[in-house]
Amino acid sequence: MRQHLHRIEVATRGRGLVEVTAPILGWVAAQGIATGLLTVWCRHTSASLLVQENADPDVRADLEAFFRHLVPDGGGERYRHAAEGPDDMPAHLRAALTQTQLSIPVAQGRPVLGTWQGIHLFEHRTAPHRRELVLHLIGEAADAARNLVQPFDVRA
Amino acid sequence: MRQHLHRIEVATRGRGLVEVTAPILGWVAAQGIATGLLTVWCRHTSASLLVQENADPDVRADLEAFFRHLVPDGGGERYRHAAEGPDDMPAHLRAALTQTQLSIPVAQGRPVLGTWQGIHLFEHRTAPHRRELVLHLIGEAADAARNLVQPFDVRA
Amino acid sequence: MRQHLHRIEVATRGRGLVEVTAPILGWVAAQGIATGLLTVWCRHTSASLLVQENADPDVRADLEAFFRHLVPDGGGERYRHAAEGPDDMPAHLRAALTQTQLSIPVAQGRPVLGTWQGIHLFEHRTAPHRRELVLHLIGEAADAARNLVQPFDVRA
């Protein structure tokens, strides 16, 4: 059993989703782990992680619009914590509603993302920021995925 | 230290929660791991995972009603991504607000779920779907849970 | 590779955030693991976990106010599950919107929390409760964090 650690820096352009699937999959592939567990940690409280469809850019636009509506911007009339700008407290709230961390099983050398799943950094501040993700991988070179060909069913 | 992988297929009846605690606990029990970490990954962007009370079906009905209100259905007048039906973009939003993944410590051969905690697949589409969960378990046969009898307190 | 398990009890004063960063970091430091993965599991369906800014108490007050507005209290006129009080079903909904679990990479003996990140137990019931967290740590004494000094960039 081995472990690997890595850090990714992501330059955002302000509010919205930045897909980070490719660099994460690339790093995992380079570690020589066939079976394991990948963890992605976002080191911020005003940016977060989101697994979403990566095929249609309209999904990303709708996601951003939904969160902008759900968590209104505002200064001191709306929030106590207003000194860092009208988008700062909303950024904390949006982060609270999404994920700071993801752990994805690795089988046959690859995180088991579904066909449409992409990993995104969700920037919640309006200004561009540099964000930092830490990757942790634990596992082994041997392939333990034989069980995967024998699913069983759960009926609703 | 050993690892095990498995896949569960879940047939849903449309929107709502399907409890998957029993098959997950059954699979863990069969692997002979006393101490470890179980990860459940949902391979979809329009279905997700939720840990909730499994005793009262009214909780599940209220949960479904709350999310239906929070994330309104709609076509092109509301969402850009509307070609796949008025429930598709809402499904992505509901998944974004809940979990794609859960990792649960295993002690004395059993995930440490609380008394009232059940693991549920949360179907967000109105039509029935077949959904896929991947299970990953890492751990060992030896019992490392002796510390659990010595809790310490944190006062608010 | 080794594993450690622990349990923390948290006494809450009713609705709001209780920071638990210090006892968690203290326990990790005492295990002698340089590189690994820490998992925190909350054993409840009416309390949850949240990573948020720990510098400004106003952030915590705004967080509590936001969730109180997003998930209204109410009895039978609003929720089917109303027998346990007007704050019980809202507590389940607030837990559904936040986290039951966090897994944090450990590097050089310390969870890789960002500068402003604190781990909080989020109590959703109005009455004080005793809550239970389970901690799981897997890793090894050897330092595998050398890669961390070589980040690479992702441009939006």
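Given R₀ = 56 Å, FRET efficiency for C:E77-B:A30 by Cβ-Cβ distance, to 0.05?
Using R0 = 56 Å, I get an efficiency of 0.75.
Hey, for a label at C:D143 modelled as a point 7 Å past Cα toward Cβ, could you say which residues of the stretch C:1-38 have their backbone N under 12 Å away?
C:34-35
Under 10 Å, Cα contacts only: if you run a Gaussian network model on chain C, which one of C:L137, C:L121, C:L113 comes out with the highest mean-square fluctuation?
Taking springs between Cα atoms under 10 Å, the residue moving most is C:L113.
What's the average, rounded to a whole number, of partner chain beta-carbon atoms within 10 Å of each residue's beta-carbon in A:80-90?
3
If I model the stretch A:19-66 as equal point scatterers sitting on the Cα atoms and use the Debye formula, what is log10 I(q)/I(0) at q = 0.25 Å⁻¹?
Each listed q maps to, in turn, -1.06.
For chain C, modelled as a Gaussian network with Cα springs under 10 Å, which listed residue fluctuates most, C:R110, C:R78, C:R125?
C:R78
Enter the accessible area per residue of the stretch C:53-92 (Å², integer; probe 1.4 Å; all protein chains in place).
45 Å²
Using a label position 7 Å from Cα in the Cα→Cβ direction, what is the ascending list of nm distances from C:G32 to the same site in the other copies?
2.9, 2.9
Using a 7 Å offset from Cα along the direction of the beta-carbon, what are the separations from A:R110 to the same position in each other copy, nm, ascending?
3.8, 3.8
Any idea how far apart C:T126 and C:A65 come out in nm if each label point goes 7 Å out from Cα toward Cβ?
In this crude spin-label approximation the distance works out to 1.9 nm.
222 nm [θ] for chain B, helices only, -39500 (n - 2.57) per DSSP H run of 4+, per residue, to 500?
Using -39500 (n - 2.57) per qualifying helix, the result is -6500 deg cm²/dmol.
Report, in degrees rounded to the nearest 10, the 0 to 90 angle that the Cα long axis of helix A:57-70 makes with the longest principal axis of chain A.
Long axis of A:57-70 versus the principal axis of chain A: about 50 degrees.
Which value, in square angstrom to the nearest 100, describes the accessible area buried between chains C and A on both sides, using a 1.4 angstrom probe?
On the way: alone 9200 and 9220 Å², together 14610 Å².
For C against A, buried area totals roughly 3800 Å².
With all protein chains present, calculate the accessible area of C:Y79 using a 1.4 Å probe and round the result to the nearest 10 Å².
Answer for C:Y79: close to 20 Å² accessible.
Can you tell which of C:T126, C:T115, C:T39 shows the greatest fluctuation in a Gaussian network model of chain C with Cα springs below 10 Å?
Greatest mean-square fluctuation among the candidates belongs to C:T115.
So, counting K/R as plus one and D/E as minus one, what does the shell of residues with Cβ under 12 Å around A:H129 add up to? Could the numbers behind the result be given before it?
On the way: positive: A:R13, A:R15, A:R43, A:R125, A:R130, A:R131; negative: A:E9, A:D87, A:D88, A:E123, A:E132.
Neighbour charge sum, excluding A:H129 itself: +1.
Could you tell me the center-to-center distance, by alpha carbons, between the stretch A:6-24 and the stretch B:1-78 in angstrom?
28 Å
Describe numerically, in nm with one decimal, the distance between label points set 7 Å from Cα along Cα→Cβ at B:R110 and at C:R13.
3.6 nm
Could you order the peptides B:42-50, C:9-17, A:29-37 from most to least packed, using the average number of other C-beta atoms within 10 Å per residue?
Highest to lowest by the protection proxy: B:42-50, A:29-37, C:9-17.
For chain B, which whole percent of the accessible surface, found with a 1.4 angstrom probe, sits on carbon and sulfur atoms?
Carbon-and-sulfur percentage of accessible area, whole number: 49.
Which whole-number percent is the relative contact order of chain C (Cα, under 8 Å, 6+ apart)?
In percent, rounded to a whole number, it is 50.
Per-residue Cβ counts within 10 Å, from other chains only, averaged over C:44-53: what number is that?
Mean number of neighbouring Cβ atoms from other chains: 6.
Ordered shortest first, which distances in nm separate the 7 Å Cα→C-beta label point of C:G74 from those of the other copies?
C:G74 label point versus its equivalents elsewhere: 2.0, 2.0 nm.
The values are calculated or read from the model by the stated rules, or taken from the named source; none is laboratory data. Computed from a predicted model, the values in this text were never measured in an experiment. Ideal geometry is used to build each Cβ from the backbone, glycine not excepted, and the neighbour counts take in all protein chains shown. Ligands, DNA and RNA are stripped out before the accessible areas are found, and what is left, the full protein with its side chains, is counted by its heavy atoms. Shrake-Rupley method; radii C 1.70, N 1.55, O 1.52, S 1.80 Å.
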